[in-house]
Amino acid sequence: MMSFFYLLEISVSWALVALIWVVQLVHYPAFLYVDAGKAGAFHQMHTQQITFIVMPLMLLELGLAIWRCTQELPWLPACLPLVLVAAIWASTFFIQVPLHGQLGQQWDEAVIRKLINTNWLRTVLWTVKGGVLLWWMSNR
């Protein structure tokens, strides 16, 4: 029987997979259609509101990935989700957050396009992580 933690982990993971695909295919491209006069207010609203959704899920995802890595054997497959989470966090804080910082200072189509293009890394990583968890749990 699958434990509560496994069910929570896969639920959180797939919530983030769904969210990143909406951000990648709908939300970030919509930035290109925001009137420059309203861009600052739009970006501030986006960063504040999305943080309330994403940050609790990402923190929970991290905690669950650490828990799995410390509880399961063999170590390498059990820790693969944690490695993927670390890569997602690195992309978020070293690529996407600085790009959002630039947009917060000046609305720039080139920066928006860079945000869209670089966000594919997180989209792929979260999707792979979701697939890894489905595979892992279906083989238990």
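The values are calculated or read from the model by the stated rules, or taken from the named source; none is laboratory data. Because the structure is predicted, anything quoted here is derived from the model rather than measured. All Cβ positions, glycine included, derive from the backbone under ideal geometry; neighbour counts span all protein chains shown. To get the accessible areas, we keep the full protein, side chains included, count just its heavy atoms, and leave off ligands, DNA and RNA. Shrake-Rupley method; radii C 1.70, N 1.55, O 1.52, S 1.80 Å.
Give the residues of region 38-92 that are small (Gly, Ala, Ser) and open to solvent by less than 20 Å² (accessible area, probe 1.4 Å), sorted by residue number. Can you show your working first?
Residues of region 38-92 small (Gly, Ala, Ser): 39-41, 63, 65, 78, 86-87, 90-91.
If the condition is that a residue be small (Gly, Ala, Ser) and open to solvent by less than 20 Å² (accessible area, probe 1.4 Å), then ALA39, ALA65, ALA78, SER91 are the ones that fit.
Among the residues of region 80-103, is there at least one that is within 20 Å of ASN139 (Cα to Cα), touching a helix residue (DSSP H, G or I) at 6+ places or on another chain (Cβ under 6 Å) and in contact (Cβ under 8 Å) with a residue 60 or more places away in the chain?
yes
Results for (1) assigned to a helix (DSSP H, G or I); (2) surrounded by fewer than 16 Cβ atoms within 10 Å (Cβ to Cβ), shown as yes or no for each residue.
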site: GLY101; (1), (2): yes, yes
site: TRP107; (1), (2): no, no
site: LEU115; (1), (2): yes, no
site: TRP120; (1), (2): yes, yes
site: GLY131; (1), (2): yes, yes
site: LEU134; (1), (2): yes, yes
site: MET137; (1), (2): yes, yes
site: ARG140; (1), (2): no, yes
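Could you say which residue among ILE66, ILE88, ILE53 is farther than 25 Å from VAL22 by Cβ and either hydrophobic (A, V, I, L, M, F, W, C) or in a helix (DSSP H, G or I) (or both)?
Numbers: ILE88 fails: farther than 25 Å from VAL22 by Cβ; ILE53 fails: farther than 25 Å from VAL22 by Cβ.
After applying the criteria, what remains is ILE66.
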